[in-house]
Amino acid sequence: MSEANPFVGYGTIASGGRFVGREPEIAALRRRLYEARSSAALIGLTRMGKSSLANKIISEPPDRQTTAGWVNIATAQSGAEVLADILAMCPSPEALHVTFTTAGSAGGARDVPIHGLYR
């Protein structure tokens, strides 16, 4: 039988000075989300600090170009709603259509819209 959860009496997400420890978990999540550009799911018993850990990670993105946000899929009505919530956090479409130069044919470089590369 497992021990009782010592945090069950606390009520809100820990942030600022109330958030302490969890350095190995923070480092692992930063590597996974910000360096590997992957996703992660925090799964565990209730009241163990999953939301506090997630809040800590998204409140400190590695740079100004990184958008981090919170989508609660437990309350979503559909996958489309989850996608809409994610897209609402993204920069405006104008920012996504920035043109950059990439290596082209032997004749030189050419401009390629980032949207075209995504498609």
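Rule-based calculations on the coordinates, nothing more; no lab input. The structure displayed is predicted, hence computed values, not measured ones. All Cβ positions, even for glycine, are placed from backbone atoms using ideal geometry, and neighbour counts span all protein chains on display.
At a 10 angstrom cut-off on C-beta neighbours, averaged per residue, how do the peptides 57-66, 73-82 rank from highest to lowest?
57-66, 73-82
Only sites in a loop by DSSP and with at most 15 other Cβ atoms within 10 Å count here; which trypsin sites (Lys or Arg not before Pro) in the stretch 25-57 make the cut?
Of the trypsin sites (Lys or Arg not before Pro), the ones in loops of the stretch 25-57 whose Cβ has at most 15 other Cβ atoms within 10 Å are Arg37, Arg47.
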